[in-house]
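To start, the structure itself, in structure tokens.
The values are calculated or read from the model by the stated rules, or taken from the named source; none is laboratory data. Values in this document were obtained by computation on a predicted structure and should not be read as measured data. A quick note on method: Cβ atoms are made from the backbone with ideal geometry, for glycine too, and the neighbour counts reach across all protein chains shown.
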């Protein structure tokens with residue numbers, strides 16, 4: 001694992017833009033709340049699968065998609081959601097799809113529900129991922145994130161990138177039309 005230290009963390013929007021720059025055709029599965037808000041603000045597109053009311057299932061949904069396609073799949077998860085489903089990392093490692101990267105944006109709080117502390121300071125997400133057999137990288141800056149994400153995509157197997165980010169409450173919001181989101185995502189993936 002590579003890691004950096006940073007007082008406030010990376011800019012989540014810049015890191016999300018780096019994902020789109022590095023893997024412009026990837027299917028992106030984003031966690032409810034901030035990860036989806038930021039992704040919609042950076043680029044709302046048909047291959048974005050925004051999950052609403054779904055804390056703790058972003059990584060499992062991303063795994064399911066990765067197992068059904070050869071396309072790159074990137075999960076944009078949060079620290080709170082990942083804490084609710086740490087066991088999913090073992091399942092990811094067991095299946096080990098080479099087209100899956102799990103990004104954990106760690107802002108240290110449940111930002112969507114009011115900024116309560118998440119307890120993520122007690123967990124080293126990269127170490128947990130490595131302990132179950134995943135390749136893992138850590139970052140706390142935009143440059144470090146780009147390097148870690150590129151390495152994760154190049155790795156021949158599933159990988160996790162844990163990135164410390166500064167808390168943010170973006171203005172952008174994706175549509176709440178769940179059937180539309182699911183339909184356009186499915187159509188975009190079927191056309192691949």
> Tell me, which residue of the range 46-65 that is out of contact with any strand residue (DSSP E or B) (no Cβ under 8 Å at 6 or more places or on another chain) and without any contact (Cβ under 8 Å) to a residue 40 or more places away in the chain is surrounded by the fewest Cβ atoms within 10 Å (Cβ to Cβ)?
Replying inline: 53
> Quick one: how many residues across the range 151-180 are surrounded by 13 or more Cβ atoms within 10 Å (Cβ to Cβ), at pLDDT 95 or above and out of contact with any helix residue (DSSP H, G or I) (no Cβ under 6 Å at 6 or more places or on another chain)?
Replying inline: 6
>> Among the residues in the range 124-132, are any within 13 Å of the chain's Cα centre (by Cα), at pLDDT 95 or above and farther than 25 Å from residue 64 by Cα?
In response: no
> Tell me, which helices (runs of 4 or more DSSP H) lie completely within the range 1-82 with 1 or more residues that are under 13 Å from residue 174 (Cα atoms) and touching a helix residue (DSSP H, G or I) at 6+ places or on another chain (Cβ under 8 Å)?
Replying inline: 34-42
> Within the range 66-87, can you find the residues that are over 17 Å from residue 158 (Cα atoms) and buried (at least 19 other Cβ atoms within 10 Å of the Cβ)?
Replying inline: 78, 79, 80, 81, 83
>> Cβ-Cβ under 6 Å, sequence separation 6+ or interchain: first residue in the range 95-124 and farther than 21 Å from residue 16 by Cα, partner surrounded by fewer than 21 Cβ atoms within 10 Å (Cβ to Cβ) and modelled with pLDDT of 95 or more. Which pairs?
In response: 96/157; 97/67
> Is the range 162-178 home to any residue that is over 14 Å from the mean Cα position of the chain (by Cα), closer than 24 Å to residue 46 by Cα and in a helix (DSSP H, G or I)?
Replying inline: yes
> Looking at residue 89, is it farther than 25 Å from residue 40 by Cα, modelled with pLDDT of 95 or more and touching a strand residue (DSSP E or B) at 6+ places or on another chain (Cβ under 9 Å)?
Replying inline: yes
> Would it be correct to say that residue 92 is surrounded by 23 or more Cβ atoms within 10 Å (Cβ to Cβ), in a helix (DSSP H, G or I) and in contact with a helix residue (DSSP H, G or I) (Cβ under 7 Å, 6 or more places away or on another chain)?
Replying inline: yes
>> Condition first: crowded, with 20+ Cβ neighbours inside 10 Å and more than 19 Å from residue 20 (Cβ to Cβ). Now tell me which residues in the range 130-139 satisfy that.
In response: 134, 135, 136, 138
> Out of the range 99-118, which residues are more than 20 Å from residue 54 (Cβ to Cβ) and either in contact with a helix residue (DSSP H, G or I) (Cβ under 9 Å, 6 or more places away or on another chain) or in a helix (DSSP H, G or I) (or both)?
Replying inline: 99, 108
